[in-house]
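A short write-up of the structure that comes next.
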Amino acid sequence: IKDSEITCGNTPSDYYFSNKAKHLWITSKSIYSRNLNQIRKVASKKTPNLKDNDIILMSIGSGLGSIHRGTLYKTCLGTAFVNQNCYKINTNNLIKNINIMCFLTSPCFVPVIKNKLTKGSVPAIYSDEIKEIPIPNFPQNIQNDISLNYYNNVARTKNTLTTYLPNELQRNKELGIWQLNMECFELKSKINKIVEKIVLNKKIYQPFYLI
């Protein structure tokens, strides 16, 4: 990883949480393993500091040395900020980015990061230490396979009541881990809206299999 490919996140000085906020807020607590486990929004007049295909890597926190956390940011999620507890890595190559992230968050990386942690009350790893880690340069076909397993978007076909389940099961087998993770948030939101309509005895206009 080159100097120009890794930078530290930062917290905008004017940020605040709001139900009407439009920017995604990502910290080390937002990530578990290689996925987002929560979505929070903040408001700020500052320019969002994440760009398409950035890899977000946890840099400080009690989880370092046991399970490392990292994920991929895509602009389809909306504009976003990542705070100073994470690094941003971008080689300007999506496949390479994903391979770097998968390696740095893999179980084999845990002992490596343990050896590079600062000795203090809060474990941390600096960008200089990360840049020293040799990243495997697998053959391109293997890198492609790793990338597709993690990030592979498959369009949803138009369904009927009888085709919904088999089509969705097949699609889920082909989707990347990243897409499956993000669709969990999407489905949770839709289910909450349906439950709210049921509780309030409101009409549900759209069949669930077309949602």
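Of the numbered criteria (1) surrounded by 13 or more Cβ atoms within 10 Å (Cβ to Cβ); (2) modelled with pLDDT under 95, the one SER147 fails is (2). Residues of segment 109-129 include none that is closer than 20 Å to CYS8 by Cα, at pLDDT 95 or above and either open to solvent by 50 Å² or more (accessible area, probe 1.4 Å) or basic (Lys, Arg) (or both). Cβ-Cβ distances below 7 Å connect the following pairs, each with a first residue in segment 21-32 that is assigned to a helix (DSSP H, G or I), a second residue that is crowded, with 16+ Cβ neighbours inside 10 Å and at pLDDT 90 or above, and a separation of six or more residues or different chains: SER28/ASN85; SER28/CYS86. Does PRO134 satisfy being of a type outside the set (Lys, Arg), in contact with a Leu (Cβ under 6 Å, 6 or more places away or on another chain) and either surrounded by 14 or more Cβ atoms within 10 Å (Cβ to Cβ) or farther than 24 Å from GLN179 by Cα (or both)? So PRO134 fails the test.
On the stretch given as segment 13-51, residues that are of a type in the set (Val, Ile, Thr) and closer than 26 Å to SER147 by Cβ total 4. Among the residues making up segment 150-179, those that are open to solvent by less than 60 Å² (accessible area, probe 1.4 Å) and closer than 26 Å to THR71 by Cβ are TYR150, TYR151, ASN152, VAL154, GLU168, ARG171, LEU175, GLY176, TRP178, GLN179. At least 2 residues being touching a Gly at 6+ places or on another chain (Cβ under 9 Å) is the threshold, and among the strands (runs of 3 or more DSSP E) wholly inside segment 42-103 those reaching it are 55-58, 80-82, 86-89. Of the residues making up segment 1-20, those that are surrounded by fewer than 15 Cβ atoms within 10 Å (Cβ to Cβ) and either in contact with a Leu (Cβ under 9 Å, 6 or more places away or on another chain) or in a loop (DSSP other than H, G, I, E, B) (or both) are LYS2, ASN10, SER13, ASP14, SER18, ASN19, LYS20.
Is segment 62-78 home to any residue that is open to solvent by 30 Å² or more (accessible area, probe 1.4 Å) and free of Cβ contacts under 8 Å to residues at least 12 places away in the same chain? Yes, segment 62-78 contains at least one residue that is open to solvent by 30 Å² or more (accessible area, probe 1.4 Å) and free of Cβ contacts under 8 Å to residues at least 12 places away in the same chain. Evaluated against (1) within 27 Å of ASN149 (Cα to Cα); (2) touching a residue at least 12 places away in the same chain (Cβ under 8 Å), ASN10 falls short on exactly one condition, (1). Between ILE56, ILE26, ILE89, ILE100, the distinction of being in contact with a Lys or Arg (Cβ under 7 Å, 6 or more places away or on another chain), of a type in the set (Val, Ile, Thr) and buried (at least 19 other Cβ atoms within 10 Å of the Cβ) belongs to ILE56 only.
The values are calculated or read from the model by the stated rules, or taken from the named source; none is laboratory data. Note that the structure is predicted; figures quoted are calculated from it, not measured. Glycine also receives a Cβ, built like all others from the backbone with ideal geometry; neighbour counts cover every protein chain displayed. Heads up: the accessible areas ignore ligands, DNA and RNA and are worked out on the full protein's heavy atoms, side chains in. Shrake-Rupley method; radii C 1.70, N 1.55, O 1.52, S 1.80 Å.
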